[in-house]
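Below is one structure, written out as structure tokens; the observations come after it.
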Amino acid sequence: MKEVVLKENERLDDLQRNGYWIIQNPGRFCFGMDAVLLSGFAKAGKGDEVLDLGTGTGIIPLLMEAKTEAAHLTGLEIQPESADMARRSVEMNNLSGKIEIVTGDIKEADSLFRSASFDVITCNPPYMIKEHGLKNPETPKAVARHEIFCTLEDVVRQTAKLLKTGGHFYMVHRPFRLVEIMATLVNYRLEPKRMQLVYPFVDKEPNMVLIEAVRGGKARLKVEKPLIIWSSPGVYMPEIKETYGF
């Protein structure tokens, strides 16, 4: 790992993978369990070109580089400060030849990248609709959680343009929007192929959903067994420990 100069309020977090670390600022936004689960749910084959939409500080490209044989990964992020942290994390981990961070708007992704140029696209998008209940919609945390700069349809529309025919799209979202998610995917010819509901505890309702869709795929959906995070407060389920290294 290269030496890195941290800016004010930044810290280094150990990713527990390949000796990789990531730069984060707790005052802005730190990655959560959803990003880690998405990086494990998503698949990329040898030689694949991968794009992560709304990459934040680059957590998904970093973890997928460690877990897959993808040829190259690109992260697109609209917030310059987050993109800067992601870029410095890539450099710190000596991954500049494998991962590129681009500062830009998801809604304009088709002007930044060639059409049908990616084998895999991932996204951990804002879950909450627009600015409902927000006092300050311009804060980094608000941008990450609410559809301020892009909507679900923006993400799906751009994915349909940038994904190769037969390419795979992976997304983590909230179950309360599942009907809208499925309808939007099908509308843009991204056929849902695999889905997994994530439960915080065995006796609680699911609070996340992981979805895989294929551009131009045939209609057939596999619903995987539920993924449960905690056996009791502070204690991960064995499957989470084995799969994600917690």
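Applying the set (1) modelled with pLDDT under 95; (2) assigned to a loop (DSSP other than H, G, I, E, B); (3) touching a Ser or Thr at 6+ places or on another chain (Cβ under 8 Å) to residue 8 leaves exactly one unmet item: (3).
Comparison of 178, 190 shows that the only residue that is in contact with a Gly (Cβ under 9 Å, 6 or more places away or on another chain) and either within 15 Å of residue 33 (Cα to Cα) or aliphatic (A, V, I, L, M) (or both) is 190. Listed by first and then second residue, the pairs with beta-carbon distance under 9 Å, at least 6 apart or on different chains, first residue in the stretch 30-48 and basic (Lys, Arg), second part of a loop (DSSP other than H, G, I, E, B) and crowded, with 21+ Cβ neighbours inside 10 Å, are 46/70. Residues satisfying the criterion are present in the stretch 216-225 (criterion: assigned to a strand (DSSP E or B) and free of Cβ contacts under 8 Å to residues at least 40 places away in the same chain).
If you go through the stretch 77-123 and keep only what is part of a loop (DSSP other than H, G, I, E, B) and not small (Gly, Ala, Ser), you end up with 78, 79, 93, 94, 95, 98, 105, 113, 114. Of all the listed residues (180, 242), the sole one being of a type outside the set (Val, Ile, Thr), on the phi < 0 side of the Ramachandran plot, at pLDDT below 95 and in a helix (DSSP H, G or I) is 242. When the residues of the stretch 199-213 are filtered to those that are out of contact with any strand residue (DSSP E or B) (no Cβ under 6 Å at 6 or more places or on another chain) and of a type in the set (Asp, Glu), the one that is nearest to residue 184 (Cα to Cα) is 205. Could you count how many residues in the stretch 19-58 are assigned to a loop (DSSP other than H, G, I, E, B) and within 29 Å of residue 166 (Cβ to Cβ)? Of the residues in the stretch 19-58, 11 are assigned to a loop (DSSP other than H, G, I, E, B) and within 29 Å of residue 166 (Cβ to Cβ). Cβ-Cβ distances below 9 Å connect no pair with a first residue in the stretch 171-191 that is closer than 14 Å to residue 209 by Cα, a second residue that is among the aromatic types (Phe, Trp, Tyr) and in a strand (DSSP E or B), and a separation of six or more residues or different chains. Considering the conditions (1) in contact with a Lys or Arg (Cβ under 8 Å, 6 or more places away or on another chain); (2) under 20 Å from residue 41 (Cα atoms), residue 185 is excluded by exactly one of them, (1). For the stretch 62-76, residues that are of a type outside the set (D, E, K, R), more than 9 Å from residue 101 (Cα to Cα) and outside any loop (DSSP other than H, G, I, E, B) total 5.
The values are calculated or read from the model by the stated rules, or taken from the named source; none is laboratory data. What you see is a predicted model, and the numbers here were worked out from it, not measured in a lab. Virtual Cβ from ideal backbone geometry, glycine too; neighbours counted across all protein chains shown.
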